[in-house]
Amino acid sequence: MGLMNCNQKIVIVYASVTGNTQAVAEILTERFRTVGFLPDVCEINHFDVNELKRYDIVVIGTYTWGSGEVPAEIQELFEAFEKLERPELVTAVFGTGDSFFSEFCGAVNRFRDMLYVHTNLAATLKIELMPQETDLVRCQKFVEAVARRLVDTDKMRKRKAT
Ligand SMILES: Cc1cc2nc3c(=O)[nH]c(=O)nc-3n(C[C@H](O)[C@H](O)[C@H](O)COP(=O)(O)O)c2cc1C
């Protein structure tokens, strides 16, 4: 995908305790930069959910807790999307998990299902624990899917306006 020259505001918000999800967030940040975005990157404890309205693209990263559950610290963000009423907002969700557990990356599934209903969900990505070399191409595809959705959404908006 070519370099996008865009002014769209993008944020990557993530929850991470042992660093796996943070590592994916860092890879994605670098990949988004290479296609022309300048993402804000924010650990969930430093993110104010009222800021959601400032962004054109929101990318969420989460680990999974309990038995396939969304971690407590990212629950407020989850609920904020349910109330947001911005169906055009481009979103994507990634996460790390451990396939030892019965629901691998269950928190990504929960976000995926909710974002699909309430927003313009572009992509999901699940990674086993710490990202490996082989995950890099999947990260790239994730970023390209988000960028493509933004272009398509923009085209659709312009078509509707004419
Ligand atoms: C108590 C506990 C419960 C977990 N439950 C799940 C689970 O249900 N599904 C899953 O895929 N991973 C589960 N995990 C694994 C974590 O999601 C995984 O280690 C993740 O990569 C941690 O991300 P972080 O390094 O960003 O904190 C669990 C881990 C712990 C400690």
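Every number here is computed from the coordinates shown, using simple stated rules; none is lab data. These figures come from a predicted structure and were not determined experimentally. Glycine also receives a Cβ, built like all others from the backbone with ideal geometry; neighbour counts cover every protein chain displayed.
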note = Which residues qualify? For K9, with a placed amide H closer than 5 Å and at least 5 residues away or on another chain, they are D56, I57
Other-chain or far-sequence residues with amide H under 5 Å of T62's (modelled H) = A15, F94, G95, T96
message = Taking a ≥ b ≥ c as the square roots of the Cα gyration tensor eigenvalues, with a/c under 1.5 meaning rounded and otherwise prolate when a/b beats b/c, else oblate, which class fits the stretch 80-157?
response = oblate
query = Considering only the stretch 10-161, what is the antiparallel percent among its DSSP beta bridges, to the nearest 5?
reply = 5 percent
query = So, in Å, what gap is there between the alpha-carbon centers of the stretch 115-162 and the stretch 51-112?
reply = 14 Å
inquiry  = If I build a Gaussian network model for the chain, linking alpha-carbon pairs within less than 10 angstrom, which residue out of I27, I74, I60 has the largest mean-square fluctuation?
reply    = I27
remark   = For the stretch 150-158, Karplus-derived ³J(HN,Hα) couplings (6.51, -1.76, 1.60; θ = phi - 60°; whole Hz; x for glycine and proline) come out as 5, 4, 5, 5, 4, 4, 5, 4, 5
ask   = Relative contact order, percent, of the stretch 10-161 when contacts are C-alpha pairs under 8 Å separated by at least 6 residues?
value = 24 percent
task = Could you work out how far apart the two model spin labels at S102 and R157 are, taking each label as a point 7 Å from the Cα in the direction of the beta carbon, and quote it in nm?
result = 4.3 nm
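List the chymotrypsin sites (Phe, Trp or Tyr not before Pro) within the stretch 54-162 that fall in a DSSP loop (any state other than H, G, I, E or B) and whose Cβ has at most 10 other Cβ atoms within 10 Å. Walk me through the numbers before you get to the answer.
Details: sites: Y55, Y63, W65, F78, F81, F94, F100, F101, F104, F111, Y116, F142; in loops: Y55, F100, F101, F104.
Answer in residue order: F100.
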key: Note, ³J(HN,Hα) from phi for the stretch 88-94, Karplus 6.51, -1.76, 1.60, rounded to Hz, x at Gly and Pro   = 7, 4, 6, 10, 7, 9, 10
Per-selection metrics, the chain (Cα): Rg and Dmax in Å = 15.0, 52
request  = Go through the stretch 121-127 residue by residue and turn each phi into a ³J(HN,Hα) via Karplus (6.51, -1.76, 1.60, θ = phi - 60°); whole Hz please, and just put x for glycine and proline.
outcome  = 5, 9, 6, 9, 8, 10, 10
ask   = Ignoring the sites themselves, what is the longest stretch of the chain with no GluC sites (Glu not before Pro) in a DSSP loop and at most 14 other beta-carbon atoms within 10 Å?
value = 1-84
key: Size-normalised alpha-carbon gyration radius of the stretch 17-112, reference 2.2 N^0.38 Å   = 1.08
Fraction of antiparallel bridges per DSSP, the stretch 1-86 only, in percent to nearest 5 = 10 percent
Förster-model FRET efficiency, 35 Å R0, D48 and V137, C-beta, rounded to 0.05 = 0.55
